[in-house]
Amino acid sequence: MIDDLPGRYHEYLERFARSVGACEVGGFAKYDGKLIKKLAFEEFTPAYLEYTDMAEQYEASLERGDTINDIVLRLLRDQAASLVLDPPSGAAPT
């Protein structure tokens with residue numbers, strides 16, 4: 001569990017403003033070629049927790065040498081984009 005979700009949300013809002021620009025909460029904008037919604041805190045929290053869990057599982061899979069399915073990579077990239085994050089190293093499109 002993440003200790004400081006309000007702080008993480010504040011970081012998300014700063015990333016959103018810096019990388020996407022002005023947009024109201026609930027509004028849509030383009031980021032990294034994807035249409036994303038600016039999330040309210042109540043929407044951000046489960047999305048962020050899901051993303052961090054997915055990213056941790058991805059990193060553990062890489063350490064084990066598992067083969068990563070393209071669908072999993074697409075889901076990870078989409079989730080990262082929705083949070084205005086760069087996907088984990090190795091998951092970024094080439």
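Observations on the structure shown:
- Computed from point charges on the beta carbon alone (+1 for Lys and Arg, -1 for Asp and Glu), the dipole magnitude for the stretch 41-94 about its Cα centre is near 200 Debye.
- Helix-only CD estimate at 222 nm, as mean residue ellipticity for the chain, using -39500 (n - 2.57) per DSSP H run (n ≥ 4): -18500 deg cm²/dmol
- Rounded to the nearest 10 degrees, the inclination of helix 41-64 to the longest alpha-carbon principal axis of the chain is 20 degrees.
- Shape call, the stretch 1-84: gyration tensor on alpha carbons, a/c limit 1.5: oblate
- Each Lys and Arg contributes +1 and each Asp and Glu -1, all at the Cβ; summed about the Cα centre of the chain, the dipole is approximately 480 debye.
Only the coordinates and a few stated rules stand behind these numbers; no lab work does. All values reported here derive from a predicted model rather than from experimental measurement. Heads up, the Cβs are rebuilt from the backbone with ideal geometry, glycines too, and the neighbour counts pull from every protein chain shown.
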